[in-house]
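Undergrad: Structure below; questions to follow.
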Amino acid sequence: MDLKFKILKKDKDTLARVGEFRTPHGVVETPVFMAVGTQATVKTLTKEDLETIGSQVILGNTYHLWNQPGNEIVKEAGGLHKFMNWDRTILTDSGGFQVFSLAKLRDIKEEGVTFKHHKSGKKLFLSPEIATKIQNDLGSDIMMAFDECPPYPATYEYMKNSVERTIRWAKRCKDAHENEDTQALFGIVQGGEYLDLRKHCAEELVKLDFDGYSIGGLSVGEPKEIQNEVLTHTTPLLPEDKPRYLMGVGSPGMILDAVERGVDMFDCVLPTRIARHGSAMTTRGRVIIKNKEFERDFSPLDENCDCYTCKNYTRAYLRHLFKADEILGYKLLSIHNVSFLVNLTTNIRLAIKEDRFLEYKEKVYRDYGLNEKDKDF
RNA sequence: GGUGGGGUAGCGAAGUGGCUAAACGCGGUGGACUGUAAAUCCACUCUCUCCGAGUUCGGUGGUUCGAAUCCACUCCCCACCA
């Protein structure tokens, strides 16, 4: 499905751009940060929470929903939107990341990937055709081609084989796609740190004419310099008139660096995961809320934030919730962290529109109190 | 008063002659987390000048090359019986 991506404004200094695309569930303004809701839930957050935060898009996961509750049940429920009560845009990952994250439990072959389910021990087979069928059943607005997210580091030879297979798989996904009028399909550029493989992969995928292009296989342990180098060389190879999606990136600094290099979409479990683990992203850096220094800190988590959590609760209270193992803490930090990244992308759009993107980027870096070499960026 | 059980690091609790500064859990203090096998995981948590050394297992005194572990006395706690 053509997302009718439109560029509304280009930055004067960089490849950053403000754009918008349209799905059956609304208009999405880019750059956008998308919260991850693997199992048909952004952990701890309700639809209302996400709407208040301003989430335009959330993710679901093919592999996990296939296993539980099963794509047929979701289809019977009327699709993923109805099933989980989310009427804005949904993007589904294909299971390609599970080829990476469940590496110990799977075996890759040309035909597809065999997994041993981590709970049931059941043998599962996922292929480009099956992953596409599942996503057709789920009814997401944007589907991902089934790929291999390769590990870092990987040898050139390994990566070359992997990339070639991912390209063949991308073609198979495109051929298997049955709802071309309602669901967009993105190809995923792989190639690790090898720029010639990235180039080759991008060119081959572009020939297949996808509705958008993802950059995958980053944020898997490689240094930030490599991420930026790969982006610098890869985004220019992707069509300007299609959305570009950097998968799995959610640190504020990397989002800014990627927007600068022409990326439009981001997703990451980081805000929700670290929230449940007691950390918050704030305009002045990361805060580990359990730390003793916040015991008597009756100020908001982030004085520059207007999210529900920051408007209503203090650091001392949030610390108390975590020390006392109270579940409200997970929710309040999740609300804040997702808000933080959604607000960041909103501010990025504004800055680009006002021709001050680089200035804004530098301010965020400066306020965070970190420099570009820090891992948090 | 009698009989039995027990006193181990902040708490709970292993350990009954050397491999024990003492398992493990909790608590405490730091840290990690990036297309979610994650309300998870890691480190430290007697003292010091932290390589290394010094003091510990209710108290005191013994036995022994060596004791949290064995013996004697003693002080507390619990249960049951009077």
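Undergrad: Of the residues that sit in the stretch A:212-230 and are open to solvent by 30 Å² or more (accessible area, probe 1.4 Å) and within 17 Å of the chain's Cα centre (by Cα), which one is farthest from RNA strand B (Cβ to nearest atom)?
TA: A:G221
Undergrad: Within the stretch A:33-67, count every residue that is over 22 Å from A:C149 (Cα atoms), of a type outside the set (A, V, I, L, M) and within 12 Å of RNA strand B (Cβ to nearest atom).
TA: 3
Undergrad: Give me the pairs: first residue in the stretch A:347-358 and modelled with pLDDT under 95, second residue open to solvent by 70 Å² or more (accessible area, probe 1.4 Å), beta-carbon distance under 8 Å, and six or more apart or on different chains, which are they?
TA: Close Cβ pairs (under 8 Å, with a partner that is open to solvent by 70 Å² or more (accessible area, probe 1.4 Å)) do not exist here.
Undergrad: Would you confirm, using the coordinates I've provided, whether A:V263 is open to solvent by 30 Å² or more (accessible area, probe 1.4 Å) and either farther than 29 Å from A:L358 by Cα or in contact with a strand residue (DSSP E or B) (Cβ under 6 Å, 6 or more places away or on another chain) (or both)?
TA: Details: open to solvent by 30 Å² or more (accessible area, probe 1.4 Å): no; either farther than 29 Å from A:L358 by Cα or in contact with a strand residue (DSSP E or B) (Cβ under 6 Å, 6 or more places away or on another chain) (or both): yes.
So A:V263 does not fit the description; no.
Undergrad: Return the residue satisfying two criteria in turn: it lies in the stretch A:87-105 and is open to solvent by 10 Å² or more (accessible area, probe 1.4 Å) and more than 10 Å from RNA strand B (Cβ to nearest atom), and of such residues it is farthest from A:Y152 (Cα to Cα).
TA: A:D87
Residue by residue, here is whether (1) farther than 30 Å from A:D49 by Cα; (2) among the hydroxyl-bearing types (S, T, Y); (3) in contact with a helix residue (DSSP H, G or I) (Cβ under 7 Å, 6 or more places away or on another chain) holds:
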| residue | (1), (2), (3) |
| --- | --- |
| A:D87 | no, no, yes |
| A:G95 | no, no, yes |
| A:V99 | yes, no, no |
| A:K116 | yes, no, yes |
| A:S120 | yes, yes, no |
| A:K123 | yes, no, no |
| A:I142 | no, no, no |
| A:A145 | no, no, yes |
| A:Y158 | yes, yes, no |
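Undergrad: Evaluate the following for A:S162: is it within 13 Å of RNA strand B (Cβ to nearest atom), on the phi > 0 side of the Ramachandran plot and of a type in the set (S, T, Y)?
TA: On the way: within 13 Å of RNA strand B (Cβ to nearest atom): yes; on the phi > 0 side of the Ramachandran plot: no; of a type in the set (S, T, Y): yes.
No; evaluated as a whole, the condition is false for this residue.
Undergrad: Which residue pairs have Cβ atoms under 6 Å apart, sit 6 or more places apart or on different chains, and have a first residue in the stretch A:160-182 that is buried (at least 16 other Cβ atoms within 10 Å of the Cβ) and a second that is among the charged types (D, E, K, R)?
TA: A:S162/A:E148; A:T166/A:D147; A:T166/A:E148; A:I167/A:E204; A:A176/A:E129
Undergrad: Give the residues of the stretch A:198-211 that are aliphatic (A, V, I, L, M) and crowded, with 20+ Cβ neighbours inside 10 Å, sorted by residue number.
TA: A:A202, A:L205
Undergrad: Applying the selection to the stretch A:108-124, what residues are open to solvent by less than 100 Å² (accessible area, probe 1.4 Å) and out of contact with any Phe, Trp or Tyr (no Cβ under 8 Å at 6 or more places or on another chain)?
TA: Of all residues in the stretch A:108-124, those open to solvent by less than 100 Å² (accessible area, probe 1.4 Å) come to A:108, A:110, A:112-115, A:117-118, A:120-121, A:124.
Those that are open to solvent by less than 100 Å² (accessible area, probe 1.4 Å) and out of contact with any Phe, Trp or Tyr (no Cβ under 8 Å at 6 or more places or on another chain): A:I108, A:E110, A:H117, A:H118, A:S120, A:G121.
Residue-by-condition table, conditions (1) outside any helix (DSSP H, G or I); (2) polar (S, T, N, Q):
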position	(1), (2)
A:L321	no, no
A:E326	yes, no
A:S334	no, yes
A:T346	no, yes
A:I352	no, no
A:K363	no, no
A:R366	no, no
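Undergrad: To continue, here is another question. Just a yes or no: is a residue in the stretch A:367-377 open to solvent by less than 50 Å² (accessible area, probe 1.4 Å), out of contact with any Leu (no Cβ under 6 Å at 6 or more places or on another chain) and modelled with pLDDT of 95 or more?
TA: Checked the stretch A:367-377: no residue is open to solvent by less than 50 Å² (accessible area, probe 1.4 Å), out of contact with any Leu (no Cβ under 6 Å at 6 or more places or on another chain) and modelled with pLDDT of 95 or more.
Undergrad: Still on this structure, I have one more. For residues that are polar (S, T, N, Q) and near RNA strand B (Cβ under 8 Å from one of its atoms), scanning just the stretch A:270-326, find the one that is nearest to the chain's Cα centre (by Cα). Can you show your working first?
TA: Quick first cut of the stretch A:270-326, residues polar (S, T, N, Q) only: A:272, A:279, A:282-283, A:291, A:299, A:304, A:309, A:312, A:314.
Next, only the ones that are near RNA strand B (Cβ under 8 Å from one of its atoms) stay: A:272, A:279, A:291.
Working: A:T272: 12, A:S279: 19, A:N291: 29 Å.
Only one residue tops the list, namely A:T272.
The values are calculated or read from the model by the stated rules, or taken from the named source; none is laboratory data. All figures in this text were calculated on a predicted structure; none of them were measured in a lab. Note: ideal-geometry Cβ built from the backbone for every residue, glycine included; neighbour counts use all protein chains shown. Surface accessibility is based on the protein's heavy atoms, side chains included, excluding ligands, DNA and RNA. Shrake-Rupley method; radii C 1.70, N 1.55, O 1.52, S 1.80 Å.
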